[in-house]
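> Next up is a structure, given as structure tokens.
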């Protein structure tokens, strides 16, 4: 997942904040490109617990 990490505070963002919304990313890159860096975040981890898909076991 593409995101921006804030490197210097601006507007309502603090240093270290992650921006993941596509529209906000576009806006921030147009207005404050020097206060962020582009990063690739890992996809959401697999669910665990009762809602997780069950692995099939073949014996």
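> Length gain on complete extension for the stretch residue 8 to residue 41, per 0.36 nm per residue less the alpha carbon to alpha carbon distance?
Between residue 8 and residue 41, full extension yields 9.9 nm more.
> Kindly identify the range 1-47 as rounded, prolate or oblate by the Cα gyration tensor criterion: order the square roots of the eigenvalues as a ≥ b ≥ c, call it rounded if a/c is under 1.5, otherwise compare a/b with b/c, prolate if a/b is larger, else oblate.
In terms of gyration-tensor shape, prolate.
> Shifting gears a bit: Would you mind calculating the gained length between residue 24 and residue 1 on full extension (0.36 nm times residue separation, minus the Cα-Cα distance), in nm to one decimal?
Contour length minus the Cα-Cα distance gives 6.9 nm.
Quick note: the coordinates plus some simple rules give every number you see, no bench work behind them. Everything numeric here is computed off the predicted structure, so don't read it as measured data.
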